[in-house]
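Trainee: I have a structure here, written as structure tokens, and I will follow up with some questions on it.
The values are calculated or read from the model by the stated rules, or taken from the named source; none is laboratory data. For clarity, every value in this text was computed on a predicted model and none was experimentally measured. We place every Cβ from the backbone using ideal geometry, glycine too, and count neighbours over all the protein chains shown. Accessible surface areas use protein heavy atoms only, side chains included; no ligands, DNA or RNA. Shrake-Rupley method; radii C 1.70, N 1.55, O 1.52, S 1.80 Å.
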Amino acid sequence: MNDNRRIRVAITHGDTNGIGYELIFRTFAEPEMLELCTPIIYGSPKAAAFHRKALGLEPTGYAVISHAGEAKDGRVNLVAVTNDEIKVDLGTPSEEAGHAALMALDKAMVDYNDHLFDVLVTAPVSAESMKRAGLDFRGQMHYVAECFAEHAQAMNILVNGRMRIGLMTDNVAVKDIANAITRETLTETIKNFAQTLKRDYRISNPRVAVLALNPEPSTEEKETIKPVIEALAEQKVNAFGPYTANHFFSNSMYDYFDGILAMYHDQGMAPFLAQTPEGGVEIASGLPLVCVQPLQDASFDIAGKNEADETALRQAIYLAIDTYRNRAMYDEPLANPLPKLYHEKRDESEKVRFAIPKKHENSGADK
């Protein structure tokens with residue numbers, strides 16, 4: 001892989017009545033960002049122009065293109081996902097905004113299948129706008145994962161400068177959490193998490209902390225979580241726990257681990273947000289496509305007021321690019337293994353036996 005190649009970053013515009021366009025404009029107001037990647041915005045030229053005017057920004061700054069294949073380096077490229085005029089009503093959820101957000105996602109996924117970009121970053125959407133549009137929408141990460149049928153069980157990971165928290169049962173009702181955590185599902189999730197830490201973050205021997213489901217040891221910890229951790233130790237998977245969430249986070253035990261597996265959404269999200277005043281992001285692991293989103297909502301209360309903080313979107317772009325490069329470096333030697341330097345055919349002749357030096361013989365290096 002050419003490390004100097006500019007990664008093509010697709011960015012969906014999110015809820016058109018929220019802060020998505022402001023985050024995008026602020027992020028790429030920094031010239032260094034265009035040196036790092038080539039952005040392809042999936043959105044609406046008219047909605048973008050409306051936001052630029054509302055924010056008091058110059059009318060120039062991006063090039064409208066009809067197809068992602070026309071994207072060029074050194075500029076912000078905007079693909080029109082629809083030719084229809086989208087009504088923008090800043091600060092208000094609407095059916096139209098919900099449909100516009102989904103159109104951007106759909107167009108991006110079609111273009112990914114045609115290899116027109118490398119990674120996907122999604123600007124914030126509004127659950128209320130999606131609901132008004134009549135959409136049964138469980139989040140952008142879940143929607144993207146469903147586009148890859150074989151990866152429908154992909155795990156979301158919360159990332160900041162200090163923690164990587166995997167969510168074992170994201171999007172599962174509280175009453176169903178215990179039943180969703182079986183020995184089989186937990187074993188597979190921990191192994192996949194450890195592999196993700198190796199491939200996406202280049203951690204050669206990751207340590208995974210597994211949180212307990214209950215505040216005090218109970219049936220799930222004794223009969224499911226602890227036996228799984230013990231079995232994985234025999235497979236050389238470094239999983240530890242189960243740790244009660246309160247004890248784990250109050251004592252900053254996360255500093256000793258490369259990844260943390262939370263049993264349910266709020267168990268991981270609440271302490272993560274408490275430790276992440278700004279810049280937190282979420283990435284979907286286990287998908288062919290690197291997909292990242294900033295942990296922000298549409299922020300209707302500040303839409304169009306020049307008050308949005310673009311830190312999280314910028315961090316999402318950084319993480320997407322780093323993950324893409326890490327995967328390429330991890331996969332490259334596996335795709336092109338070195339040729340074997342000897343024949344595997346067994347030969348007991350003295351000529352063969354004495355032609356191969358004995359390992360560590362007379363070296364004293366076996367330490």
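Trainee: Roughly speaking, what is the stretch gain from Gln235 to Asp297, that is 0.36 nm per residue apart minus the C-alpha to C-alpha distance, in nm to one decimal?
Mentor: Stretched fully, the Gln235-Asp297 segment lengthens by 18.3 nm.
Trainee: Moving on. Heavy atoms only, 1.4 Å probe, whole protein assembly: order Glu310, Glu221, Glu58, Glu70 by accessible area, highest first.
Mentor: Glu58, Glu70, Glu310, Glu221
Trainee: Please compute the length gained on full extension between Lys72 and Glu278, using 0.36 nm multiplied by the number of residues separating them and subtracting their Cα-Cα distance.
Mentor: Answer, rounded to one decimal: 71.1 nm.
Trainee: Considering only DSSP states other than H, G, I, E and B, which chymotrypsin sites (Phe, Trp or Tyr not before Pro) in segment 235-275 qualify as loop sites with at most 15 other Cβ atoms within 10 Å?
Mentor: none
Trainee: Step through the table entries Lys175/Lys226; Lys131/Lys198; Lys131/Lys305; Lys175/Lys236; Lys107/Lys131; Lys46/Lys131, compare each Cα-Cα distance with 30 Å, and write down the pairs that go over it.
Mentor: Lys131/Lys198; Lys175/Lys236
Trainee: Before I look further, what does the chain give for accessible area per residue, probe 1.4 Å, in whole square angstrom?
Mentor: 52 Å²
Trainee: Assuming 0.36 nm per residue, please report the length gained on full extension of the stretch Val64 to Ala149 beyond their Cα-Cα distance.
Mentor: Net length gain for the segment: 27.4 nm.
Trainee: Can you order the peptides 280-287, 189-196, 128-135 by their average number of other Cβ atoms within 10 Å per residue, highest first?
Mentor: Highest to lowest by the protection proxy: 280-287, 189-196, 128-135.
Trainee: Taking the Cβ-Cβ separation of Val174 and Lys222 as r and a Förster radius of 22 Å, what is the calculated FRET efficiency to the nearest 0.05?
Mentor: My answer for the efficiency is 0.55.
Trainee: Quick one: grab Rg to one decimal and Dmax as a whole number for the chain, Cα atoms only, in Å.
Mentor: Rg and Dmax of the chain, Cα atoms, are 23.9, 85 Å.
Trainee: Note down the magnitude of the dipole of segment 91-227 about its Cα centre, charges +1 on Lys and Arg C-beta and -1 on Asp and Glu C-beta and zero elsewhere, to the nearest 20 debye.
Mentor: The calculation lands at about 680 debye.
Trainee: Next question. Using a simple charge model, +1 on the beta-carbon of Lys and Arg, -1 on the beta-carbon of Asp and Glu, nothing else, what dipole does the chain show about its Cα centre, in debye to the nearest 20?
Mentor: Magnitude of the dipole: close to 1100 debye.
Trainee: Moving on to the next point. At 0.890 mPa s and 25 °C, plugging the Kirkwood radius over alpha-carbon pairs of segment 24-136 into Stokes-Einstein gives what diffusion coefficient in µm²/s?
Mentor: So the translational diffusion coefficient is about 165 µm²/s.
Trainee: Pick out which of His115, His142, His13 has the largest mean-square fluctuation in a Gaussian network model of the chain, springs linking Cα atoms closer than 10 Å.
Mentor: The residue that fluctuates most here is His115.
Trainee: Compute the long axis of helix 183-201 from its Cα atoms, compare it with the longest principal axis of the Cα atoms of the chain, and write down the angle in degrees, 0 to 90, nearest 10.
Mentor: Taking Cα atoms only, the helix is inclined about 80 degrees.
Trainee: By how many degrees, 0 to 90 and rounded to 10, does the Cα axis of helix 311-335 deviate from the longest principal axis of the chain?
Mentor: With both axes taken from Cα atoms, the answer is about 40 degrees.
Trainee: What part of the accessible area of segment 1-105, given as a whole %, is carbon or sulfur when the probe is 1.4 angstrom?
Mentor: Here carbon and sulfur together make up 47 percent of the probe-accessible area.
Trainee: Ok, one more. Which residue, Ala178, Ala71, Ala104, tops the fluctuation ranking in a GNM of the chain built on C-alpha contacts under 10 Å?
Mentor: Ala178
Trainee: Let's see if you can work this out: charge +1 on each Lys and Arg Cβ, -1 on each Asp and Glu Cβ, no other charges. What is the dipole magnitude of segment 46-137 about its Cα centre, in debye to the nearest 20?
Mentor: Approximately 300 debye in magnitude.
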